[in-house]
Amino acid sequence: MQPKLLELHFSQLQTEWVTSKYNNYSDDRKNIYHEKLATIIEGLGKEDFASLDDSQIQERYWVIFFVFKSLEFLNHSTRSTIPFEMVYVLEVALKEWSPGDDYIIVTSLTNGMNEFSFDGSLSFYPFIYTYIENLYSVSFDYKLVQINLPESTSRDYLANVVLYHELGHFIEKKFAITRVIYAELLAAIRRADPAELNNIYRYFPYLRLPAKVDEFEKRYEEYNQLSMHISEYFCDLFASQYIKDCSNFYLEYVTLNQAVESTTHPSTINRIIFINEYLDNKGGFVLSEYKRIVERITGIEIGYKGKDFSTANFESLIPVEVKELSELHGLFHYGWKVWLGEWENIRQKAEIQFTLSNADVYAIINNLIEKSIGNFIVKNEWELIKV
Amino acid sequence: MNLVKADIDQLIQQGKLTISPLLDPKQVGDMAIDFRLGTDFLVAIDGSNPFIDASLNNNDKFPIKNSFQETRRKLGETFLFHPHQTVLASSLEYVKLPRDVYVELTMRSSYLRLGLSLASIVQPGYCGCFSIELTNVNKIPVNLTVGAAIMQARLFKISAESNYFAKRRKYMCQVRPLISAVATDGDFIHLHEIWKRNNYHT
């Protein structure tokens, strides 16, 4: 790359920084992270790019990429933009799987409908951190867990159950779970036990083709079909530990219950079967391999991590008084149950004498989930300080 | 009849009055309940609309939402309230009122003295966070703390119960300030038709 092109890239970053440098966060960890970005930008500004060789230019390219990417998410995680109720519950789940305080969940609000995704570029590219430390003597105590979600539904808690799946992608990558399951499934195919094969083919039908098996045996790549499908099943399983079958409902309407797999995702039908079998305590070889391998790698047993509660508060139009962290996850399941249930219950309990529209019920459920989470956060913060 | 502390405590214990969260029992005073400033705000801005149109005559051209900007704060953070600015906010507490109790909401004296005003009536049976429409009539900005008890509610018992949901409500179970739905007032259709009849000949 010519130095002039790197200068162009850095000029773009400086333009972005003119506004981003004034970001305000409600989280001191982000403030610390932000200050380190400032140090890097200052360091880059003092350099003469024209005097750098190709490899030095490449290092700066990645450093600039890192700062840009960080700002892409931090700009949407400021105190005035962050959907902090949703981020709070995701951080509760994150801490169970990654107990250290070294990751911060940040969100980027996208324009596209259904654009939920995990971006691992700041969590899993260790070489960039090495460049930054060597060049600017900056080391990061915290790394960002980047989650994209649509701006239009950032406060839609029924849709946002999908974010548990996206958090699953972070956990899966952190522990390299897919790689191990990948190897174990191919080993099982070589063993050719009929019951195991039958179960593998159910979730990965294309593995019936010997050429496909050969292809996957020759090379593991993070972005080949099998590895991506294994990863998706894991993330569904991860999410269902917190929200049970809620993400199935979302999947159904987003994919129209797609019967055929794509290169990146298994068929929706198979994904739903997989989760339902887990929730019903059924499941065969594949599910038991997932459970066995996840526990072996992480030390954490796959199982329901939420806490059920019995309430009819939403039907009475009042928030749920959440008493412990694990109950937070149950709010999503409860919200979906109300949405899929008979709205007549709400009408009767609240003595509503007009016809409730879809939009009414949608707003009521989302508002009450948000307020239930928000009240828990507020009460916790209030009670932590003893004056 | 103005409800006093014993009445209010009894309603809460009986589950007839919901206040969630009630961070400090001392919020319930002898004759009023203190309510706290919530986390969400809609701030009036000078947008591209030439005016806020409280009519149906131009409403499709000048949506009210273009004149407000949403922002959030967390508990303990502050919100800078500029002179003569209109800000829509909410109480931190979610409330469900009994069917025979209405509320008169005013600023607490300490905040009135800063130049902030609020006067609002909340109907019996209402549920949701209180919507508050604040104006800073002072000449200098005021920095408000989210979670501070800035307003007080006096509760009044009425002689007969009324059902808040006997008719469709514009704002149900709201947990953050919402843009004015003035254009959905039933009278407006009537008035708009009069205006059309007088101004358009078909």
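Per-structure values
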| quantity | calculated |
| --- | --- |
| Exercise: per-residue mean of other protein chain Cβ atoms within 10 Å, B:13-19 | 1 |
| The stretch A:1-137 - charge dipole about Cα centre, Lys and Arg +1 at Cβ, Asp and Glu -1, debye rounded to 20 | 240 debye |
| Equivalent-ellipsoid semi-axes of the stretch A:205-301, from the Cα gyration tensor, Å, largest first | 22, 18, 12 |
| Inter-chain shielding of B:173-183 (mean C-beta neighbours from other protein chains, 10 Å cut-off) | 3 |
| Lys/Arg +1, Asp/Glu -1 at C-beta; the protein assembly as shown dipole; positive extreme among A:Y22, A:I300, B:F165 | B:F165 |
| Contact order normalised by residue count of chain A, Cα under 8 Å, 6+ apart, percent | 13 percent |
| Highest average packing first - B:189-197, A:62-70, Cβ atoms within 10 Å | A:62-70, B:189-197 |
| Sequence-distant lysines (8 or more away, or on other chains) whose Cα lies within less than 20 Å of B:K196 | B:K61 |
| For the stretch A:276-387, alpha-carbon Rg over 2.2 N^0.38 Å | 1.39 |
| Two-decimal Rg to Rh for chain B - Kirkwood Rh, Cα set | 1.02 |
| Farthest positive-ward along the protein assembly as shown dipole, Cα basis, beta-carbon charges - from B:F41, A:G120, A:F68 | B:F41 |
| Net dipole in debye of the stretch A:100-209 [+1 Lys, Arg Cβ; -1 Asp, Glu Cβ; about Cα centre; nearest 20] | 540 debye |
| Share of pairwise Cα separations in the stretch A:268-342, more than 22 Å, in percent | 42 percent |
| In Å, descending, principal axis extents of the Cα set of the stretch A:85-134 | 39, 29, 14 |
| Estimated inter-spin distance, A:E221 and A:F65, nm [label 7 Å along Cα→Cβ] | 1.7 nm |
| Inverse mean reciprocal Cα-Cα distance (Kirkwood Rh) of the stretch B:1-121, Å | 17.1 Å |
| Cα centroid separation - the stretch A:200-274 against the stretch B:25-70, whole Å | 46 Å |
| Among B:F79, B:L114, B:L11 the positive-end extreme of the charge dipole of the stretch B:1-118 (Cβ point charges) | B:F79 |
| For the stretch A:246-286, the Rg and Dmax computed from alpha carbons only, in angstrom | 10.5, 29 |
| Listed residue pairs exceeding 26 Å between alpha carbons, taken from A:K4/A:K69; B:K26/B:K167; A:K173/A:K337; A:K349/B:K170 | B:K26/B:K167; A:K173/A:K337 |
| Chain A - charge dipole about Cα centre, Lys and Arg +1 at Cβ, Asp and Glu -1, debye rounded to 20 | 420 debye |
| Computed [θ] at 222 nm, helices only, for the protein assembly as shown once each DSSP H run of length n ≥ 4 contributes -39500 (n - 2.57) | -14000 deg cm²/dmol |
| Shielding by partners, peptide B:68-74 (average Cβ within 10 angstrom, other chains) | 4 |
| Among beta bridges that DSSP assigns inside the protein assembly as shown, antiparallel share in %, nearest 5 | 85 percent |
| Qualifying chymotrypsin sites (Phe, Trp or Tyr not before Pro) in the stretch B:38-107, DSSP loop, other Cβ atoms within 10 Å at most 14 | B:F51 |
| Cα radius of gyration and Dmax for the protein assembly as shown (Å) | 27.6, 86 |
| Among A:93-106, A:208-221, A:244-257, the order from most to least packed when residues are scored by Cβ within 10 Å on average | A:244-257, A:93-106, A:208-221 |
| Per-pair calculated FRET efficiency, R0 = 60 Å: A:T15 and B:I194 via Cβ, rounded to 0.05 | 0.65 |
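The numbers here are math on the coordinates, done by the rules we state, and not lab data. Keep in mind that what you see is a predicted model, and the values were worked out from it rather than measured. Here Cβ is always computed from backbone atoms with ideal geometry, including for glycine, and neighbour counts include all displayed protein chains.
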